[in-house]
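Worksheet for the structure shown next.
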Amino acid sequence: TLLETTRGCPYHCIFCPEDQMYGKKYRFKPLALIEKEIDVCVNNYGIKNIYFIDLEFTLKKDFVNQICDMIIRKGYSLNLACQTRADTVDLPLLQKMRKAGFTLIHYGLESGSPRILESTHKRVTLEQIKQGVQWAKRAGMEVACFCMMGLPGETAEDMNMTIKFAQKLNPDYVSFHIATPYPGTEFYESVKNKLRGVFPASYNGIYAEEFIKRMTRKAYLLFYLRPGYVFSRLTKNPFLLFRQLKLFLEFIK
C-alpha cells in the first residue's frame with residue numbers, strides 16, 4: 001500500500017509540477033498519526049509492503065529517524081520503499097532505515113550530463129548521486145533511479161552520457177522517461193510557444209519525439225541486457241529475473 005509522511009518540496013526543479021499538486025508549503029504529518037496508519041495497515045489489513053510516496057522522504061533526517069525508531073520499536077516485519085534525493089541521505093541514516101525494513105530506495109538521477117543536470121535547477125551533482133547510490137548499497141538496500149531525456153537543449157551526446165552514467169552507477173533498476181512539459185512548470189513556460197496541444201507528451205526541441213523514444217528504448221536495452229547485470233540478477237533471484245525480463249520484453253515490443 002501507499003503511505004505519505006510529508007507533502008510538498010522546498011526545491012524547484014524546472015520539470016516538476018509539485019506546486020500544482022501540493023502547494024508551495026512543505027509540511028509534516030504528526031508522528032502519532034503515521035504510527036496509527038501503519039498500525040491499521042498491519043493489524044486490520046495484513047499489509048506487508050509499504051511505499052512512502054513523499055516527494056523527498058529523507059529531507060529531514062531527524063524525522064525519518066523517529067519514524068524508523070517507531071517501526072523498530074513496534075517490531076513490525078515490513079518491506080518498505082521510498083523515493084528521495086541522493087544528497088539528503090548519509091550512511092548512518094540508510095543503515096537505520098534498513099534496520100526498520102527499507103529494502104528499496106528511489107533516487108532522481110535525471111541526467112548524466114552535468115550541463116543538463118544543472119539546467120534542471122535540481123541543485124544536486126553527479127558525485128552526490130553516486131555517493132547516495134553507494135551508501136544505499138552498503139546499507140543493504142536495492143536502488144532504483146529515474147532518468148529523463150528530451151529536456152531543453154539536450155543533445156544526443158547528453159542522452160548517451162545519461163545512459164553511461166546509469167551503467168556506471170549500476171542500480172538494481174533504472175527507468176528512462178521522456179521529459180514532459182507539464183503546464184505550470186518552468187519547463188513548460190520556457191517552451192510553451194513551441195508546443196502542440198495543451199498537454200504534449202514531449203517537447204520537440206533539438207529532436208522530434210520519435211528520436212527521443214528511440215533513445216529511451218536504446219537506454220533500456222543497453223542497461224538491462226548487459227551480461228554482468230543479467231548474471232548478478234540471476235544469482236540473486238532467478239525467479240525475479242524471469243519476471244523482470246518478461247516485463248522488459250513486453251515493454252520494448
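The values are calculated or read from the model by the stated rules, or taken from the named source; none is laboratory data. Since the structure is predicted, the reported quantities are computational estimates derived from the model, not experimental observations. In this analysis, Cβ positions are derived from the backbone assuming ideal geometry, glycine residues included, and neighbour counts consider all displayed protein chains. When the accessible area is computed, the model is the full protein with side chains, heavy atoms only, and any ligands, DNA or RNA have been set aside. Shrake-Rupley method; radii C 1.70, N 1.55, O 1.52, S 1.80 Å.
Data table
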item	result
Of LYS60/LYS137; LYS122/LYS246; LYS36/LYS122; LYS213/LYS236, pairs whose Cα-Cα distance is over 28 Å	LYS122/LYS246; LYS36/LYS122; LYS213/LYS236
Degrees, to the nearest 10: 209-224 long Cα axis against longest axis of the chain	50
Computed lengthening from GLU35 to ARG138, 0.36 nm per intervening residue step minus Cα-Cα distance	34.3 nm
Spin-label proximity, VAL191 to region 1-20 - amide N less than 15 Å from point 7 Å beyond Cα toward beta carbon	14-17
Debye, to nearest 20: dipole size of region 107-159, +1 on Lys, Arg Cβ, -1 on Asp, Glu Cβ	280
Nearest-10 value in Å² for the accessible area of LYS60, using the 1.4 Å probe	100
Helix axis angle, 227-236 relative to the chain longest principal axis, alpha carbon, degrees	20
Förster radius 25 Å - calculated FRET efficiency between HIS121 and ILE178, Cβ distance, rounded to 0.05	0.80
Theoretical ellipticity at 222 nm over the chain - DSSP helices of four or more residues, -39500 (n - 2.57) apiece, nearest 500	-15000 deg cm²/dmol
Lys, Arg +1 and Asp, Glu -1 on Cβ, resulting dipole of the chain about Cα centre, debye, nearest 20	620
Free-standing Cys residues across the chain, given no other cysteine C-beta under 4.7 angstrom	CYS9, CYS41, CYS68, CYS82, CYS145, CYS147
Gain upon complete extension [GLN20, LYS246; 0.36 nm per residue less C-alpha separation]	77.8 nm
Å² of accessible area per residue within the chain, as computed with a 1.4 Å probe and no ligands counted	51
Shape call, the chain: gyration tensor on alpha carbons, a/c limit 1.5	oblate
Unit charges at the beta carbon, dipole of the chain: most positive-side option, LEU240, THR88, GLN66	LEU240
Under Karplus coefficients 6.51, -1.76 and 1.60, residue-wise ³J(HN,Hα) of region 59-67 in Hz, glycine/proline x	4, 10, 4, 4, 5, 5, 4, 5, 4
Cβ crowding within 10 Å averaged over residues, with 180-188, 122-130, 38-46, 193-201 ranked highest first	180-188, 122-130, 38-46, 193-201
Computed lengthening from LYS48 to VAL230, 0.36 nm per intervening residue step minus Cα-Cα distance	62.7 nm
Degrees between helix 31-45 axis and first principal axis of the chain (Cα, 0 to 90, nearest 10)	80
Set of aspartates and glutamates with alpha-carbon distance to LYS130 below 13 Å, sequence-local pairs under 8 removed	ASP87, ASP90, GLU110
